[in-house]
Structures are given as structure tokens and as C-alpha cells.
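Read-outs throughout are calculated quantities, based only on the coordinates presented, and are distinct from any laboratory measurement. Keep in mind it's a predicted model, so treat the numbers as computed, not measured. Using ideal geometry, Cβ is built from the backbone for each residue, glycine included, and neighbour counts are taken over all protein chains shown.
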């Protein structure tokens, strides 16, 4: 017995941002959806173990990604903001951010105010994007193999 998949393939008509927003409103209600939608590649969640990211690191990473709005931009939430959102201490978030940087998933850029004082760091996700692109072919091959295995003749008759 195989587990049922929760993945639903979208038709072309359902892939526009406006349609996605409508679907989210249907799922969560207009009031909840009015606070904004968060989009991240499903591969990020499915590859968590492959990326060697623990649950605390994943939630901090997702929180940082929530502040990344433009492709050519960066995120710059304060450690205190992230800590408050996920009920961790600022020190715990700082340690987690350090671990994500050590893994090469994020780049932290220290910022200062014109007066010379410190402000929140800037975070870039080039490392995460590169790692996801690097491992994606393995996940695509696994998806094709799973599909072929379920067809008559299995993997032998259905070359991947």
C-alpha cells in the first residue's frame, strides 16, 4: 500500500498569482489571506534532510525568507523580530542564523546606520538557491522513477 500524495498538479489556468490568491482565500478565508501569502519552493521542505537542516533551522530560514520580497533584493529582519515570531530567544535565533550561514545557505551582511550605529543584518539566499538547483535533478529523477515503477512492467519496462 502506498501513501496517498498530497501533491496536486495545477492546470495552466490555476498558476497565475491572482488565481493562487483566490485559491488561498478559499482555503483560509479572505481575512486570513489578507495578511499576505508566503511562497517557497516545495523542494525546500522536501529536501530538508538532504540540506542537513534541523527543524529550528528550517523555521528560522522560512521566517527570513518571508522578508525576501524581490528577486534582486535581500531580507533584513531583526533578530528580535524573528525571535518574537517563533518564540525563541534572540540568542537562539542568532545561533541558528550562524549555523545557516556556516552551511552556506544564507549570507549575512552587516549593516550600519549613517550615524555609525548598528542595525539589522541583511540576508541573501544565493547559497540556498544554488543548493536547491544542484539537488533538484536527483528529486526529478526520483519522481520519474516513482511514476515509472507504478506503470505496468515497472522500472524494467519504463526506462527513466
*As a check on your grasp of the helix formula, calculate [θ] at 222 nm for the chain: sum -39500 (n - 2.57) over DSSP H runs of n ≥ 4, divide by the residue count, round to the nearest 500.*
-15000 deg cm²/dmol
_What translational diffusion coefficient, to the nearest whole µm²/s, does region 19-81 have by Stokes-Einstein, given a Kirkwood radius computed over alpha-carbon pairs, a temperature of 25 °C and 0.890 mPa s viscosity?_
181 µm²/s
*Using the 10 angstrom Cβ neighbour count as an exposure proxy, how do 71, 97 rank, fewest first?*
71, 97
_Rel. contact order, % - alpha carbon contacts under 8 angstrom, at least six apart, region 35-150_ = 22 percent
*Grab every C-alpha pair in the chain, bin the distances at 5 angstrom width from 0 up to the longest one, and report whole percents.*
2, 7, 13, 15, 16, 15, 13, 9, 5, 3, 2, 1, 0, 0, 0
